[in-house]
Structure formats: structure tokens, C-alpha cells
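Trainee: I have a structure here, written as C-alpha cells, and I will follow up with some questions on it.
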Amino acid sequence: MAMRHNGRLEGAEAAETAALEGLRSSAAGGESLPMVLDDSFREIAREDRPALLELLVERSREQQIIFLTDDEDIATWARLESLAGDMAIVEPVATNSNRKAGIAS
């Protein structure tokens, strides 16, 4: 369970729960829609991130969650979680054409 830091995690957890509830059964036929998070932890204090990431893993057992980030700390955490089998991770692969075009991976 997440440790609490002066109410910050409670608010983030409540917002996450509300968003997930809104996506459940909202598609045609009562199907669940995936939650897509795009670098949504950028404004979250580093010390609060681990508890929220673990909460996402817990919630993902009932709802598909897609988390996009270029934060190396979060990517490292995700790699470790994927080794444990708790999640799948997809990472971009640098190609020669990307390097020539100056596109970062």
C-alpha cells in the first residue's frame, strides 16, 4: 500500500481512481477503455512516484493502462517490473534512418 506524504498521494490516488472508474464500461457494449497516461508523473515529486507506480500496477490488473514516458527513472522501474511479469514494456528502437534524420529514440 502507498505511503502518504501530507495528502499529496491521497489526491493523486483519488484522481487516478476517478479516471479509471470513468473509463470502465464507457465503451460500446459496456466494454472498458484503456487509460493512456502521457508523462503524467512529470509534476509529481520523485519521492511520491514509486507508490503511485505500484498503484498503477495494482489497478492494471482490472484495467488496461498505457503509460508513455521518456523519464529514465520510470523506464528503469518499468523494465524491472516487466522482468517480474507484472507488466509488458515496449521501447523504441534506434534505427540507422532515425539517426541519420536526427530523430531521438
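The values are calculated or read from the model by the stated rules, or taken from the named source; none is laboratory data. Quantities reported herein were computed from a predicted structural model and do not represent experimental measurements. Ideal geometry is used to build each Cβ from the backbone, glycine not excepted, and the neighbour counts take in all protein chains shown.
Trainee: For segment 21-32, check the following and say yes or no: at least one residue is in contact with a Lys or Arg (Cβ under 6 Å, 6 or more places away or on another chain), at pLDDT 70 or above, in a loop (DSSP other than H, G, I, E, B) and not aromatic (Phe, Trp, Tyr).
Mentor: Start the filter on segment 21-32 by keeping residues that are in contact with a Lys or Arg (Cβ under 6 Å, 6 or more places away or on another chain), which leaves 32.
So of that shortlist, the ones also at pLDDT 70 or above come out as 32.
If we keep only those that are in a loop (DSSP other than H, G, I, E, B) as well, we get 32.
Then drop every residue that is not not aromatic (Phe, Trp, Tyr), which leaves 32.
Within segment 21-32, one or more residues are in contact with a Lys or Arg (Cβ under 6 Å, 6 or more places away or on another chain), at pLDDT 70 or above, in a loop (DSSP other than H, G, I, E, B) and not aromatic (Phe, Trp, Tyr).
Trainee: While we're on this one: Within segment 28-64, count every residue that is more than 14 Å from residue 74 (Cβ to Cβ) and either surrounded by 10 or more Cβ atoms within 10 Å (Cβ to Cβ) or of a type in the set (Asp, Glu) (or both).
Mentor: Narrowing segment 28-64 to residues more than 14 Å from residue 74 (Cβ to Cβ): 28-36, 58-64.
Going one step further and asking which of them are either surrounded by 10 or more Cβ atoms within 10 Å (Cβ to Cβ) or of a type in the set (Asp, Glu) (or both), we end up with 31-36, 58-60, 62-64.
Residues meeting the conditions: 12.
Trainee: If you don't mind, there's one more thing I want to ask. Would you please name the residue that is modelled with the highest pLDDT, looking only at residues in segment 56-85 that are in contact with a Leu (Cβ under 9 Å, 6 or more places away or on another chain) and over 19 Å from residue 44 (Cβ atoms)? Outline the logic, then answer.
Mentor: In the first step, residues of segment 56-85 are kept if they are in contact with a Leu (Cβ under 9 Å, 6 or more places away or on another chain); the result is 56, 59, 62-69, 74, 77-78, 81.
Next, only the ones that are over 19 Å from residue 44 (Cβ atoms) stay: 62-64.
Working: 62: 81, 63: 82, 64: 87.
In this case the residue turns out to be 64.
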